[in-house]
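The values are calculated or read from the model by the stated rules, or taken from the named source; none is laboratory data. Remember, predicted model here, so these are calculated numbers, not experimental data. Here the Cβ positions follow ideal geometry from the backbone for every residue, glycine too, while neighbour counts run over all protein chains shown.
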Amino acid sequence: MKQFAYLLREALTSLRANRTSTLVGVLTTGFTITSFGIFLLLYLNVQKVVGTLQDHVELIVYLKEDFSSEEKSQLERWLKQEPSVEEVSFVSKKEALEDFHHQFPDESFLLDGIGGNPLPASFVATISPNSNSATFVSNVATQVQELPGVERVRYSQEWVERLTLFVSYLELGAVIIGLILCLASITIISNTIRLAFFVRREEIEILRLIGATGTFIAIPYVIEGAILGIVGGGLSVGLLRGMFEVFLQKINALGLIGGFPSALEFFPFQTSLTLIIGGMVLGCTASILSVYSWVRVRP
Amino acid sequence: MIQLFHVTKHYKGCRALSDVSLRIEKGECVLLTGPSGAGKTTLLKLIFGAEIPDDGQILVQNRNIARIRPSDVPFLRRTMGFVLQDFKLLPRKTVFENVALPLIIRGLSSSGTKKKVNEALQAVGMEHKRTTETQVLSAGEQQRVCIARAVVNSPIILLADEPTGNLDPQLTYEISELFKSINARGTTLMLATHNKQVVDHMKGRVIRLDCGRLLSDQRAYQ
């Protein structure tokens, strides 16, 4: 316990004594984790949106202008019998127009010049989450397209799949950028610690003289690296939170897609904590790498 | 206690020690003398495990220093004390903190550390300066603190390399007296010096080195 108190005190003294390099170390770690955090935040939110969309894949079957009631019933029966379809609802031409006016009140004038109601009636079929792969939905759509009275079939799955592909690219990007930034951060923290080690080389010589082991000598520097990492990690979480709030405000101010900002979420507490712990691990790794070569040589 | 068998050491082709054999018994007072570059410091460094001999064997307390693993060197050093000409005290730390360091390294309790440090400081007459930072002390005081740090662990062997090199004759006498009292308590002492005053005062076994060779080994005052 007395040993640990001594080692902790030594680490804090070193951090205070080398303020500039400490600041550089903290800022580097902070920058690294912030950059990685931006990717992570984007990735998690896009993945969440994709997940939500995947659970609600809809097949919209637009009917011909002159469809008969028999064709409508036949289509409804077919859709209800299809095992992959969970729910079927009919949207009449009138309901479609009302929906349009409701969803796009400012654009209602567009239909005024046309006269009448140009919007088709449709069936909206909700696909079961177990059967929503792109190929499967595409097959169902092709079969429906062949039925009498059907004008056109549209489904959301295709672009959900594209979004999923985008998420996987994002994932790969996050890993590559994260690795590069981690290496950069380790190099800079490692140099910070090496500098502290160099400044105190005479003290280290004294410690060796009186029988200190390599571990005893190295521990304050590992603690120093851990502190740099924790502070840097905390700084980055704060920065990310601030940037996220500003982003939300901007989105709200621009009036982009209704309900979109509320769908965005910041990291849960565990992820924020993981980022801070990640900073600590980064700092410790950098310290161990920089002091290892010093302490392993013959005293 | 300490045995050297045909020890040779070179530094980048220059001979520092050549075929030196010695046997030092427990509790002996050994004075290593000779001009600068004679090999006194190299001999102490070899015993301390800071250097490895190019040839020959060194036994310290029946452990072969020539074959000791680097990870064992710190534990060997904990059985020894080392005093240097340039003191090697930690700046910005108090006298107490400096002397306590070998005990902290060993993981001794706070109460045990306090007791042992106070005893060591009392032995060198520095207990009144225990809270003073070392950089404001005089040379003589710094050397006393250095001796206190070297003996606080109750070492079996005390090695001193030119410990009076920076001190005036009066301080040299006082420090020599301290070494004598430490040796009188049973600690084996090896002191490297080219100060005749110290050699005459200590009245120990005198080993004379020159150009890395052992010239003479005699008990001058018995």
B:GLY37 passes all but one of the listed conditions (1) more than 13 Å from chain A (Cβ to nearest Cβ); (2) over 24 Å from B:THR193 (Cα atoms); the exception is number (2)
Within the range A:94-114, residues under 17 Å from A:TYR62 (Cβ atoms) and among the small types (Gly, Ala, Ser) come out as A:ALA96
Exactly one of A:GLU171, A:GLU205 is surrounded by fewer than 16 Cβ atoms within 10 Å (Cβ to Cβ), among the charged types (D, E, K, R), over 30 Å from A:LEU75 (Cα atoms) and modelled with pLDDT of 85 or more, and that one is A:GLU205
Checked the range A:88-109 for anything touching a helix residue (DSSP H, G or I) at 6+ places or on another chain (Cβ under 8 Å) and touching a residue at least 12 places away in the same chain (Cβ under 8 Å); matches are A:VAL88, A:PHE90, A:VAL91, A:LEU97, A:PHE100
When the range A:62-87 is checked residue by residue, the ones that are touching a residue at least 24 places away in the same chain (Cβ under 8 Å) and either in a helix (DSSP H, G or I) or touching a Ser or Thr at 6+ places or on another chain (Cβ under 6 Å) (or both) are A:TYR62, A:GLU71, A:LYS72, A:GLN74, A:LEU75, A:GLU76, A:TRP78, A:LEU79, A:SER84, A:GLU86, A:GLU87
Heads up, the strands (runs of 3 or more DSSP E) in the range B:10-105 (entirely inside) with at least 2 residues that are free of Cβ contacts under 8 Å to residues at least 24 places away in the same chain are B:14-24
Counted residues in the range B:172-187 being touching an Asp or Glu at 6+ places or on another chain (Cβ under 9 Å) and modelled with pLDDT under 90 come to 0
Practice task
Tell me, yes or no, whether the range A:46-61 has at least one residue that is at pLDDT 85 or above and either in a helix (DSSP H, G or I) or surrounded by 15 or more Cβ atoms within 10 Å (Cβ to Cβ) (or both).
Solution key: yes
Of A:SER190, A:SER168, the only residue that is farther than 12 Å from A:GLY225 by Cα and of a type in the set (S, T, N, Q) is A:SER168
Looking across the range A:180-202 at residues that are buried (at least 21 other Cβ atoms within 10 Å of the Cβ) and not small (Gly, Ala, Ser), the single one that is nearest to the other protein chains (Cβ to nearest Cβ) is A:ARG200
Going through (1) under 26 Å from A:GLU161 (Cβ atoms); (2) surrounded by 14 or more Cβ atoms within 10 Å (Cβ to Cβ); (3) of a type in the set (Gly, Ala, Ser) one by one, A:SER89 fails only at (2)
Screening A:ILE180, A:ILE227, A:ILE186, A:ILE193 for residues that are in a helix (DSSP H, G or I), at pLDDT 90 or above, in the same structural domain as A:ASN45 (by TED's automatic domain parsing) and not small (Gly, Ala, Ser) leaves only A:ILE227
Per the filter on the range B:70-105, residues more than 7 Å from chain A (Cβ to nearest Cβ) and of a type outside the set (A, V, I, L, M, F, W, C) are B:SER71, B:ASP72, B:THR79, B:GLY81, B:GLN85, B:ASP86, B:PRO91, B:ARG92, B:LYS93, B:THR94, B:GLU97, B:ASN98
query: Can you find a residue in the range B:85-94 that is of a type in the set (A, V, I, L, M, F, W, C), within 17 Å of the chain's Cα centre (by Cα), surrounded by 18 or more Cβ atoms within 10 Å (Cβ to Cβ) and closer than 22 Å to A:ILE204 by Cβ?
result: yes
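So that you can scan it fast, the table gives a plain yes or no per residue for (1) in a helix (DSSP H, G or I); (2) modelled with pLDDT under 90; (3) within 12 Å of the chain's Cα centre (by Cα):
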position: B:GLY140; (1), (2), (3): yes, yes, no
position: B:CYS146; (1), (2), (3): yes, no, yes
position: B:ARG149; (1), (2), (3): yes, no, yes
position: B:PRO163; (1), (2), (3): no, yes, yes
position: B:ASN166; (1), (2), (3): no, yes, no
position: B:LEU189; (1), (2), (3): no, no, yes
position: B:GLN197; (1), (2), (3): yes, yes, no
When every residue in the range B:106-137 that is free of Cβ contacts under 8 Å to residues at least 24 places away in the same chain and β-branched (Val, Ile, Thr) is compared, the one farthest from the other protein chains (Cβ to nearest Cβ) is B:VAL136
Within the range B:199-210, residues more than 18 Å from the chain's Cα centre (by Cα) and modelled with pLDDT of 90 or more come out as B:ASP210
Picking from B:LEU108, B:LEU84, the residue that is of a type in the set (A, V, I, L, M) and either modelled with pLDDT of 90 or more or over 20 Å from B:ALA160 (Cα atoms) (or both) would be B:LEU108
